[in-house]
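The values are calculated or read from the model by the stated rules, or taken from the named source; none is laboratory data. Keep in mind it's a predicted model, so treat the numbers as computed, not measured. What goes into the accessible areas is simple: the full protein's heavy atoms, side chains included, and nothing from ligands, DNA or RNA. Shrake-Rupley method; radii C 1.70, N 1.55, O 1.52, S 1.80 Å.
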Amino acid sequence: MLDPRVAPGYLGWVVDDGRHAHVGVAGEPGAMRAGVRRLLDAFAADAPGRAAPAGPVERRGGPIPVGGVLRRLACPDGLLVGDAAGAVSPLTAGGLDPCLRMSELAAAVIADYLRTGDREVLKRYDGAALRARFRGRLLLRRLLAGIRSPVLAEAAVAVLRTRAGRALAARILFGDGSFPEIEPRLAAGVGRGR
């Protein structure tokens, strides 16, 4: 569901598998002035496709960075991958592919770091380098975040339904270049003996 009053710059969702329903909202933190909890409660009260709870309600969640891959992903205490690293796209389930790609590089860096103890190895797992390929997604996100009216949100969706809009969305959200290819960085020596 796209509604800038409830999920400014992003979306709300209901996923009901017949046994459990997951209801959520996401958006630009600065634009969620009423607070995430209030917006979620307002959305959940009449969310499309949501039935009244038949059992206990469990609340969980927390902020997920949605502005692209974080610049700093690694330190001696751990590495971030997938959603935690900002490689997330609930709209497209696009976070799955980046998580797998990042995990391969993260595992190689971890192995090298544990083998050598050299903190410099951690610099090879560099979010700033990965961010460069997210320019299209970040631009699209900024455009969506600027929409404050449900009427404008509907108009934006109508544009994305056109042939040109679908082609643009496919390229940015689903194309081969929608997340940086990490293989060349692995070939540069990460995870290999010195």
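So, of the residues in region 88-116 that are polar (S, T, N, Q) and under 22 Å from A7 (Cα atoms), which turns out to be modelled with the highest pLDDT? Spell out the reasoning first.
From region 88-116, those polar (S, T, N, Q) are 89, 92, 103, 116; that's our starting set.
Subset that is under 22 Å from A7 (Cα atoms): 89, 92.
Numbers: S89: 62, T92: 56.
Checking each candidate, the answer is S89.
Would you point out the residue of region 1-56, among those that are assigned to a loop (DSSP other than H, G, I, E, B) and acidic (D, E), that is least open to solvent (accessible area, probe 1.4 Å)? Please lay out each step first, then the result.
Our first condition is that a residue be assigned to a loop (DSSP other than H, G, I, E, B); within region 1-56, this holds for 1-11, 17-20, 26-28, 32-35, 46-56.
Pick out the ones that are also acidic (D, E) and you get 3, 17, 28, 46.
Working: D3: 22, D17: 107, E28: 54, D46: 118 Å².
By that ranking, first place goes to D3.
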Any chance G177 is open to solvent by less than 70 Å² (accessible area, probe 1.4 Å), over 24 Å from V6 (Cα atoms) and at pLDDT 80 or above
no
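Can you confirm whether A155 is assigned to a helix (DSSP H, G or I), open to solvent by 40 Å² or more (accessible area, probe 1.4 Å), aliphatic (A, V, I, L, M) and at pLDDT 85 or above?
Working: assigned to a helix (DSSP H, G or I): yes; open to solvent by 40 Å² or more (accessible area, probe 1.4 Å): yes; aliphatic (A, V, I, L, M): yes; at pLDDT 85 or above: yes.
Answer is yes for this residue.
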